[in-house]
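Undergrad: Sharing a structure, written as structure tokens. Questions coming.
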Amino acid sequence: MVERGKTNSKSVISLTLGILSIVIPFIGVILGIIGIVFSRIGIKEIKETNENGRGLATSGFICSIIGIVIHLLWILFAILSIYMFTNVEYELQFISVSFN
């Protein structure tokens, strides 16, 4: 029988947090940052102990980065749309005042 090596637990955690950072709306950035930290720690431990799970840690790192980018884009979009709508309201008030 072939013995299977132990899978690094931090790589599994990093993959889980990476997927959750994409899916969960408001705390996705925080989960993504924590996922990146766990994936880096997991990769270091895998190099030292020769455990399995390097692919899990790498995919957790990638998913965490994607989740952070998606949520930062959403935050940027929200800020820009708030700015645009408040600016339009101000311009509409200015137009209505100037015609009277």
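The values are calculated or read from the model by the stated rules, or taken from the named source; none is laboratory data. Being a predicted model, the structure only gives us computed values, none of them experimental. No Cβ is skipped: glycine too gets one built from the backbone with ideal geometry, and neighbour counts run over all protein chains shown.
Undergrad: Please find, within region 51-86, the residue that is farthest from SER9 (Cα to Cα) out of those that are over 15 Å from the mean Cα position of the chain (by Cα) and β-branched (Val, Ile, Thr).
TA: Only one residue tops the list, namely THR86.
Undergrad: Residue check, ILE19 against (1) over 9 Å from the mean Cα position of the chain (by Cα); (2) surrounded by 16 or more Cβ atoms within 10 Å (Cβ to Cβ); (3) of a type outside the set (Ser, Thr, Tyr), all met but one. Which one?
TA: Only one criterion in (1) over 9 Å from the mean Cα position of the chain (by Cα); (2) surrounded by 16 or more Cβ atoms within 10 Å (Cβ to Cβ); (3) of a type outside the set (Ser, Thr, Tyr) is unmet by ILE19, namely (1).
Undergrad: Follow-up question, since we're still on this one. I'd like to check something: does region 46-67 contain any residue that is in contact with a strand residue (DSSP E or B) (Cβ under 8 Å, 6 or more places away or on another chain), charged (D, E, K, R), closer than 30 Å to LYS6 by Cβ and modelled with pLDDT of 75 or more?
TA: Yes: one or more hits.
Undergrad: From the list GLU89, GLU3, pick out the single residue that is exposed (fewer than 10 other Cβ atoms within 10 Å of the Cβ) and either charged (D, E, K, R) or modelled with pLDDT of 95 or more (or both).
TA: Testing whether each residue is exposed (fewer than 10 other Cβ atoms within 10 Å of the Cβ) and either charged (D, E, K, R) or modelled with pLDDT of 95 or more (or both) leaves just GLU3.
Undergrad: In a helix (DSSP H, G or I) and more than 17 Å from VAL69 (Cα to Cα): does that describe ILE33?
TA: Here the answer is no, as ILE33 does not meet what is asked.
Undergrad: Let me ask something additional. Identify the single condition in (1) of a type in the set (Val, Ile, Thr); (2) surrounded by fewer than 18 Cβ atoms within 10 Å (Cβ to Cβ); (3) at pLDDT 95 or above that ILE27 does not satisfy, given that it satisfies every other one.
TA: All conditions pass for ILE27, except number (3).
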